[in-house]
Amino acid sequence: MLEAWQNEQWSAAASFCGALAAPEANLEILQSLVTPESLERWGDFRAVAARYATIEDPAYGSVVNPAFDTEDVGYFKVLRGVSQNYQVVDEQPMLVAAVVTVVRHPFEKRWMVEAFGEMVRPESIPCMRGDTARWDGQQRRRFDVVPMDAWLTQHGTKRMDGSGTYNFPETPRWNREGGGKIELDVSMLEGRVSVAEAVQARRRMSPVRPKDRVRYFLAHDLYDASYLPCRTPNSLNLKHVSVYGNMTKIAQWTPPGQDQLSNVQAHRRWWDQPDRVTLESLRTEVSDE
(Lines give C-alpha, C1' and ligand atoms only; values in the text may rest on other atoms or scores of the structure.)
Protein backbone atom coordinates (compact mmCIF):
# COMPACT_ATOMS: atom_id res chain seq x y z
CA MET A 1 0.00 0.00 0.00
CA LEU A 2 1.31 3.44 -0.92
CA GLU A 3 2.12 5.99 1.75
CA ALA A 4 -0.37 8.87 2.09
CA TRP A 5 1.95 11.37 0.39
CA GLN A 6 2.41 8.93 -2.49
CA ASN A 7 -1.37 8.48 -2.81
CA GLU A 8 -1.87 12.25 -3.01
CA GLN A 9 0.66 12.85 -5.75
CA TRP A 10 -0.32 9.69 -7.65
CA SER A 11 -3.97 10.76 -7.56
CA ALA A 12 -3.16 14.27 -8.78
CA ALA A 13 -1.19 12.96 -11.76
CA ALA A 14 -3.66 10.19 -12.59
CA SER A 15 -6.60 12.61 -12.41
CA PHE A 16 -4.76 14.94 -14.77
CA CYS A 17 -4.14 12.18 -17.30
CA GLY A 18 -7.73 10.99 -17.04
CA ALA A 19 -9.08 14.48 -17.65
CA LEU A 20 -7.02 14.78 -20.84
CA ALA A 21 -9.48 12.41 -22.53
CA ALA A 22 -11.85 15.37 -22.96
CA PRO A 23 -9.93 18.62 -22.47
CA GLU A 24 -12.79 20.91 -23.45
CA ALA A 25 -15.32 19.32 -21.10
CA ASN A 26 -12.72 18.97 -18.33
CA LEU A 27 -11.10 22.39 -18.73
CA GLU A 28 -11.89 23.62 -15.22
CA ILE A 29 -10.70 20.33 -13.71
CA LEU A 30 -7.41 20.51 -15.61
CA GLN A 31 -6.90 24.13 -14.62
CA SER A 32 -7.39 23.20 -10.96
CA LEU A 33 -4.86 20.37 -11.14
CA VAL A 34 -1.88 22.34 -12.51
CA THR A 35 0.32 24.81 -10.67
CA PRO A 36 -0.72 28.47 -10.94
CA GLU A 37 2.71 29.33 -12.32
CA SER A 38 2.30 26.92 -15.25
CA LEU A 39 -1.36 27.65 -16.04
CA GLU A 40 -0.73 30.05 -18.92
CA ARG A 41 1.73 27.61 -20.51
CA TRP A 42 -0.91 24.86 -20.80
CA GLY A 43 -3.29 27.00 -22.86
CA ASP A 44 -6.53 25.12 -23.53
CA PHE A 45 -4.80 21.74 -22.86
CA ARG A 46 -5.55 20.51 -26.38
CA ALA A 47 -1.87 20.13 -27.27
CA VAL A 48 -1.00 17.99 -24.26
CA ALA A 49 -4.22 16.00 -24.74
CA ALA A 50 -3.23 15.28 -28.34
CA ARG A 51 0.16 14.08 -27.18
CA TYR A 52 -1.40 11.84 -24.55
CA ALA A 53 -3.76 10.40 -27.20
CA THR A 54 -0.77 9.12 -29.19
CA ILE A 55 0.22 6.77 -26.35
CA GLU A 56 -0.98 3.29 -27.25
CA ASP A 57 -2.56 1.27 -24.41
CA PRO A 58 -1.46 3.71 -21.67
CA ALA A 59 -0.99 2.61 -18.08
CA TYR A 60 0.40 4.25 -14.96
CA GLY A 61 3.30 3.17 -12.83
CA SER A 62 2.23 2.36 -9.28
CA VAL A 63 4.96 4.43 -7.62
CA VAL A 64 5.70 8.13 -7.96
CA ASN A 65 9.46 8.47 -7.73
CA PRO A 66 10.70 11.46 -5.70
CA ALA A 67 13.47 13.69 -7.00
CA PHE A 68 16.79 12.56 -5.59
CA ASP A 69 17.30 15.76 -3.59
CA THR A 70 13.76 16.57 -2.40
CA GLU A 71 10.50 14.77 -1.70
CA ASP A 72 8.52 17.86 -2.70
CA VAL A 73 8.84 16.90 -6.38
CA GLY A 74 7.78 13.57 -7.85
CA TYR A 75 7.74 11.79 -11.20
CA PHE A 76 4.67 9.83 -12.32
CA LYS A 77 5.30 7.45 -15.22
CA VAL A 78 2.88 6.94 -18.09
CA LEU A 79 3.67 3.65 -19.81
CA ARG A 80 2.75 2.46 -23.29
CA GLY A 81 1.77 -0.97 -24.54
CA VAL A 82 -0.05 -2.28 -21.45
CA SER A 83 -3.07 -4.27 -22.64
CA GLN A 84 -4.35 -5.70 -19.34
CA ASN A 85 -3.85 -3.96 -16.00
CA TYR A 86 -4.34 -0.20 -16.28
CA GLN A 87 -2.23 0.41 -13.18
CA VAL A 88 1.06 -1.47 -13.31
CA VAL A 89 1.84 -2.87 -9.88
CA ASP A 90 4.61 -5.30 -10.75
CA GLU A 91 8.17 -4.53 -11.74
CA GLN A 92 7.60 -5.13 -15.45
CA PRO A 93 9.88 -4.00 -18.28
CA MET A 94 7.65 -1.32 -19.77
CA LEU A 95 8.37 1.59 -22.06
CA VAL A 96 7.91 4.96 -20.39
CA ALA A 97 6.03 7.13 -22.86
CA ALA A 98 5.84 10.27 -20.74
CA VAL A 99 6.51 11.58 -17.26
CA VAL A 100 4.17 13.81 -15.27
CA THR A 101 6.13 16.07 -12.94
CA VAL A 102 4.17 16.83 -9.78
CA VAL A 103 5.10 19.24 -7.00
CA ARG A 104 3.90 19.77 -3.47
CA HIS A 105 3.00 23.44 -3.92
CA PRO A 106 4.17 25.49 -0.91
CA PHE A 107 1.18 27.84 -0.90
CA GLU A 108 -1.59 25.77 -2.45
CA LYS A 109 -0.74 23.12 0.19
CA ARG A 110 -1.40 20.20 -2.16
CA TRP A 111 0.20 18.18 -4.94
CA MET A 112 -0.17 19.77 -8.38
CA VAL A 113 1.00 19.03 -11.92
CA GLU A 114 3.88 21.11 -13.25
CA ALA A 115 4.69 19.41 -16.56
CA PHE A 116 3.89 16.51 -18.89
CA GLY A 117 6.46 14.84 -21.13
CA GLU A 118 10.01 15.02 -19.87
CA MET A 119 10.86 15.10 -16.17
CA VAL A 120 11.57 18.58 -14.82
CA ARG A 121 14.27 19.11 -12.21
CA PRO A 122 13.28 20.89 -8.95
CA GLU A 123 15.48 23.90 -9.64
CA SER A 124 13.57 24.50 -12.90
CA ILE A 125 10.16 24.57 -11.20
CA PRO A 126 9.14 28.17 -10.38
CA CYS A 127 7.38 27.50 -7.06
CA MET A 128 10.40 25.49 -5.86
CA ARG A 129 12.53 28.60 -6.46
CA GLY A 130 10.07 30.76 -4.54
CA ASP A 131 8.60 32.19 -7.75
CA THR A 132 5.05 31.55 -6.66
CA ALA A 133 3.28 33.82 -9.11
CA ARG A 134 3.93 35.60 -12.38
CA TRP A 135 5.83 38.80 -11.71
CA ASP A 136 2.91 40.81 -13.12
CA GLY A 137 0.23 38.79 -11.33
CA GLN A 138 -1.19 38.96 -7.84
CA GLN A 139 1.56 38.02 -5.41
CA ARG A 140 0.91 35.28 -2.84
CA ARG A 141 4.14 34.95 -0.89
CA ARG A 142 4.12 35.09 2.86
CA PHE A 143 5.68 38.30 4.12
CA ASP A 144 7.21 38.11 7.58
CA VAL A 145 9.49 41.01 8.32
CA VAL A 146 13.05 40.26 9.40
CA PRO A 147 13.78 41.08 13.06
CA MET A 148 15.54 44.38 13.65
CA ASP A 149 18.60 42.73 15.22
CA ALA A 150 19.10 40.15 12.48
CA TRP A 151 22.16 39.82 10.28
CA LEU A 152 21.69 39.56 6.52
CA THR A 153 24.10 38.16 3.94
CA GLN A 154 24.31 38.93 0.23
CA HIS A 155 26.32 36.91 -2.30
CA GLY A 156 28.44 38.63 -4.92
CA THR A 157 31.87 38.47 -6.53
CA LYS A 158 35.20 40.26 -6.54
CA ARG A 159 36.16 41.80 -9.86
CA MET A 160 39.24 40.03 -11.19
CA ASP A 161 40.65 43.10 -12.97
CA GLY A 162 42.95 44.07 -10.13
CA SER A 163 40.77 47.02 -9.12
CA GLY A 164 39.96 45.51 -5.72
CA THR A 165 36.27 46.27 -6.24
CA TYR A 166 33.24 44.01 -5.97
CA ASN A 167 30.11 43.18 -7.92
CA PHE A 168 27.05 42.85 -5.67
CA PRO A 169 23.45 43.35 -6.83
CA GLU A 170 22.53 46.90 -5.87
CA THR A 171 19.04 46.94 -7.38
CA PRO A 172 16.49 44.30 -8.45
CA ARG A 173 17.09 42.53 -11.75
CA TRP A 174 14.62 44.40 -13.93
CA ASN A 175 15.84 42.66 -17.06
CA ARG A 176 17.09 39.07 -17.07
CA GLU A 177 18.84 37.10 -19.78
CA GLY A 178 16.61 34.65 -21.61
CA GLY A 179 13.43 36.50 -20.68
CA GLY A 180 13.31 35.16 -17.14
CA LYS A 181 11.10 36.44 -14.37
CA ILE A 182 11.54 40.11 -13.53
CA GLU A 183 12.49 40.66 -9.90
CA LEU A 184 11.26 43.53 -7.77
CA ASP A 185 13.50 42.80 -4.78
CA VAL A 186 17.13 42.15 -3.96
CA SER A 187 17.81 38.65 -2.63
CA MET A 188 19.71 38.04 0.60
CA LEU A 189 20.00 35.32 3.23
CA GLU A 190 18.99 35.68 6.85
CA GLY A 191 21.92 35.27 9.19
CA ARG A 192 25.64 35.77 8.94
CA VAL A 193 26.46 32.90 6.59
CA SER A 194 29.69 31.80 4.92
CA VAL A 195 30.64 32.12 1.26
CA ALA A 196 30.16 28.36 0.80
CA GLU A 197 26.63 28.43 2.25
CA ALA A 198 25.68 31.48 0.19
CA VAL A 199 26.93 29.84 -3.00
CA GLN A 200 25.03 26.65 -2.20
CA ALA A 201 21.82 28.62 -1.62
CA ARG A 202 22.17 30.57 -4.85
CA ARG A 203 23.76 28.11 -7.28
CA ARG A 204 22.91 24.76 -5.67
CA MET A 205 25.57 22.24 -6.76
CA SER A 206 28.13 24.69 -8.17
CA PRO A 207 31.54 24.84 -6.44
CA VAL A 208 32.85 27.93 -4.71
CA ARG A 209 34.98 30.07 -7.02
CA PRO A 210 37.97 32.20 -5.98
CA LYS A 211 36.04 35.36 -6.81
CA ASP A 212 32.96 34.52 -4.68
CA ARG A 213 32.33 36.92 -1.80
CA VAL A 214 29.61 37.83 0.70
CA ARG A 215 28.77 41.14 2.29
CA TYR A 216 26.93 41.57 5.57
CA PHE A 217 24.19 43.92 6.73
CA LEU A 218 22.36 44.62 9.97
CA ALA A 219 18.62 44.63 9.45
CA HIS A 220 18.06 47.79 11.48
CA ASP A 221 20.39 49.69 9.12
CA LEU A 222 18.22 48.65 6.18
CA TYR A 223 15.04 49.68 7.99
CA ASP A 224 16.57 53.04 8.88
CA ALA A 225 17.29 53.60 5.17
CA SER A 226 13.64 52.80 4.24
CA TYR A 227 14.28 49.28 2.92
CA LEU A 228 11.89 46.47 3.83
CA PRO A 229 13.60 43.08 4.32
CA CYS A 230 11.04 40.25 4.39
CA ARG A 231 11.42 36.54 4.98
CA THR A 232 10.43 34.76 1.75
CA PRO A 233 11.65 31.18 2.23
CA ASN A 234 11.15 28.39 -0.26
CA SER A 235 11.78 24.67 -0.06
CA LEU A 236 15.25 25.00 -1.56
CA ASN A 237 16.29 28.07 0.41
CA LEU A 238 14.78 28.40 3.86
CA LYS A 239 16.87 31.49 4.66
CA HIS A 240 15.82 33.53 1.63
CA VAL A 241 15.07 37.19 2.28
CA SER A 242 13.59 39.65 -0.21
CA VAL A 243 14.70 43.24 0.31
CA TYR A 244 12.10 45.65 -1.06
CA GLY A 245 12.04 49.40 -1.26
CA ASN A 246 9.84 51.67 0.85
CA MET A 247 6.44 50.04 0.33
CA THR A 248 4.59 53.12 1.59
CA LYS A 249 6.07 55.17 -1.23
CA ILE A 250 5.62 52.37 -3.75
CA ALA A 251 1.95 52.06 -2.77
CA GLN A 252 1.48 55.81 -3.29
CA TRP A 253 2.99 55.54 -6.78
CA THR A 254 0.95 52.48 -7.79
CA PRO A 255 -2.12 53.33 -9.93
CA PRO A 256 -5.51 52.54 -8.33
CA GLY A 257 -6.64 48.97 -8.84
CA GLN A 258 -3.14 47.62 -9.49
CA ASP A 259 -1.08 45.37 -7.24
CA GLN A 260 1.69 47.34 -5.55
CA LEU A 261 3.83 44.20 -5.21
CA SER A 262 4.01 43.72 -8.98
CA ASN A 263 3.94 47.26 -10.39
CA VAL A 264 7.35 47.59 -12.01
CA GLN A 265 7.14 51.34 -12.63
CA ALA A 266 6.42 52.13 -8.98
CA HIS A 267 9.26 49.92 -7.73
CA ARG A 268 11.76 51.30 -10.25
CA ARG A 269 10.79 54.83 -9.32
CA TRP A 270 11.80 54.16 -5.72
CA TRP A 271 15.05 52.32 -6.52
CA ASP A 272 16.07 54.95 -9.11
CA GLN A 273 15.80 57.87 -6.70
CA PRO A 274 19.10 59.79 -6.74
CA ASP A 275 18.99 60.24 -2.97
CA ARG A 276 18.35 56.56 -2.19
CA VAL A 277 20.80 55.25 0.42
CA THR A 278 22.75 52.58 -1.46
CA LEU A 279 23.14 49.06 -0.14
CA GLU A 280 26.90 49.36 -0.50
CA SER A 281 26.94 52.27 1.94
CA LEU A 282 25.10 50.12 4.51
CA ARG A 283 27.18 46.94 4.43
CA THR A 284 29.35 46.25 7.44
CA GLU A 285 32.05 44.20 5.70
CA VAL A 286 32.92 41.96 2.77
CA SER A 287 34.26 38.47 3.38
CA ASP A 288 35.85 35.67 1.34
CA GLU A 289 35.32 33.05 4.06
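When the chain is treated as a Gaussian network with alpha carbon springs shorter than 10 Å, the biggest mean-square fluctuation among Thr153, Thr70, Thr232 belongs to Thr70. Amide H contacts under 5 Å for Arg213: Gly156, Thr157, Lys158, restricted to partners 5 or more places along the chain or on a different chain, H placed in the peptide plane at 1.01 Å from N. Kindly state, to the nearest 0.05, the FRET efficiency for Val96 paired with Ser11, given R0 = 25 Å and r defined as their beta-carbon distance. Once rounded, the FRET efficiency stands at 0.80.
In the context of the full set of protein chains, the chain has a per residue accessible area of 53 Å² (1.4 Å probe). Surface composition of the chain: carbon plus sulfur atoms contribute 50% of the solvent-accessible area (1.4 Å probe, protein chains only, all chains present). Figure note: Glu56, Glu285 ranked by solvent-accessible area, largest first, 1.4 Å probe, ligands and nucleic acids not counted: Glu56, Glu285. When nucleic acids and ligands are ignored and a 1.4 Å probe is applied, Ile29 ends up with an accessible area of around 90 Å².
Would you mind getting me the FRET efficiency between Asn65 and Glu170? Use the beta-carbon distance for r and R0 = 51 Å, nearest 0.05.
Numbers: r = 42 Å, r/R0 = 0.83.
Plugging the Cβ-Cβ distance into 1/(1 + (r/R0)^6) gives 0.75.
Using a cutoff of 8 angstrom between alpha carbon atoms and counting only pairs six or more residues apart, the relative contact order for the chain works out to 14 percent.
For Leu27, Leu152, the ranking by accessible surface with the largest value first comes to Leu27, Leu152, using a 1.4 Å probe.
The heavy atoms of Val286 offer some 40 square angstrom of accessible surface to a 1.4 angstrom probe. Taking every protein chain into account, the 1.4 Å probe leaves Tyr227 with about 10 Å² of accessible area, to the nearest ten. From the Cα gyration tensor of region 138-289, with a ≥ b ≥ c the square roots of its eigenvalues, which class applies: rounded if a/c is under 1.5, or else prolate if a/b is larger than b/c, or else oblate? Prolate shape, in that a/c is at least 1.5 and a/b is the bigger ratio.
Probe radius 1.4 Å, ligands and nucleic acids left out: which of Met119, Met188, Met160 has the largest accessible area, and how do the rest follow? Don't jump to the answer; show the numbers that get you there.
Values: Met119 110, Met188 5, Met160 140 Å².
Ranked from most to least accessible, the order is Met160, Met119, Met188.
The values are calculated or read from the model by the stated rules, or taken from the named source; none is laboratory data. Model, not experiment: these values are computed from the prediction. Quick reminder, even Gly has a Cβ in these numbers, built from the backbone with ideal geometry, and neighbours come from all protein chains shown. Note: areas computed on protein heavy atoms with side chains; ligands, DNA, RNA excluded. Shrake-Rupley method; radii C 1.70, N 1.55, O 1.52, S 1.80 Å.
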